[in-house]
């Protein structure tokens, strides 16, 4: 059977390789690097990014006020050459470099940051990370006023973002934020060239938006190590060095192609044949064998590590039987995580019962979470009025197409629910954008999710369940939970703040059950260190494309 299934893949790979070298390979050259991502690009608009593959490319095209240090991943000067922080830790004054330039040669100014941050704070933009801007004084009130009264809203001057001159940006926070500088290196906080964006303005009903064609070459103007020179949808992105980048001497890759394969096995075969230089993920179907070979010393190009990421299930808390907390708790208790990791994942993942991967944030203590207890699960389901699953229609379980591991997990979890509770599922495999839209609009019962922490703090997960958060796919709302997070935001003492966040996570995992954690993910890459330098798999899953080069 394996040979039968593999033959079409090999034939398709041969066709792809031929087309690749005809359409793109001729321009590749000896110094090009082909980097394969997992998953198609959804958007190159930094304001709207939520997917890892989009953010990875953005960090090659743009630079924020800060950037990540190659080894420590701590924030270091980016467009801002230096900054000061007030004694009360609420006012950040960033001083921009005079030689920071856009890819069209124009100077990057503080007003470019002001322009883009204001755009993010408009509800019409639809930013998935707008809640991170609510640390800034007045930002939440401004956003809400626009949402309620688009034409009679608060003035933007009420927000704590000021540009007193072209080289200075002053940001005032509501309360001290321990990870604020980390956010300055994160994609939603990147600037846009406000002059270039004017060409794409569209006004409807008095609301300004921008034609998405601005994200395509040659329209896209960026300020990072690379510029976008070509984008063939569902094929590849072509990045070349930005000649105006002030640190261009650190950019040694003359042509970087970002490709994607729908079939992970085909991607690995392309790597084996040299069509791909870096496989930016471990193929799920081949992962166990590759990891075993690496541990036996038979391979030296497989690099895998536990990461700052959790695989979990979102439960739609506003739909059908899942509105009942007891049903959600029963579903949680009926899943054997250890069996999933051992027999389905078969990778160095860690079964967990909490959202924030334990022991990953210094000083933060995880709550206990729920264990595997099918007997209690059956009792809870009976108490909810659905003994042996009677009265529960098959749950619509969404997975993203192209990720075989998520489909296998769904099948295994469905089998556990059917055996332990009498609850059945219907698996729906959807393309990434449709999956995201169905989650946003609540057109599901259960959705398989993987979330990577965006910054080193528990709130990178806990904020997902805030009422009104665009990434709150479970559609969970709790005044008590929101209050705990607000109290943590205002708490100046780090230890007491973590105590409040512990209470918040315990509320989710031990009382509310809007999501079911499954395991802490492992991730990595496949590449030959003797040939490719400048990248390292890391706990944060950050790939700093700026430093990638051939040896």
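General observations
- Centre-to-centre separation between the Cα atoms of the stretch 290-341 and those of the stretch 108-151: 34 Å.
- DSSP bridge pairs, the stretch 307-522: antiparallel proportion in percent, nearest 5: 65
- Hydrodynamic radius by Kirkwood, which averages 1/r over all alpha carbon pairs of the stretch 307-522, in angstrom: 17.4
- Based on the convex hull around the alpha carbon atoms, the stretch 60-213 presents an average projected area of 9.6 nm².
- Centroid-to-centroid separation of the stretch 182-239 and the stretch 80-105 [C-alpha atoms, Å]: 22
- At an R0 of 25 angstrom, the distance between the Cβ atoms of residue 149 and residue 437 translates into a FRET efficiency of 0.40.
- Inter-part distance where the stretch 533-551 and the stretch 435-457 are each reduced to a Cα centre, Å: 27
- Once the Cβ-Cβ distance of residue 393 and residue 511 is raised to the sixth power relative to R0 = 22 Å, the FRET efficiency obtained is 0.30.
- Separation in nanometres of the label points that stand 7 Å from Cα toward Cβ, at residue 273 and residue 382: 5.9
- Sites residue 424 and residue 219, calculated FRET efficiency, Cβ-Cβ separation with R0 41 Å, nearest 0.05: 0.25
Coordinate-derived values only; no laboratory data. Not measured: the values here are computed from a predicted model. Quick reminder, even Gly has a Cβ in these numbers, built from the backbone with ideal geometry, and neighbours come from all protein chains shown.
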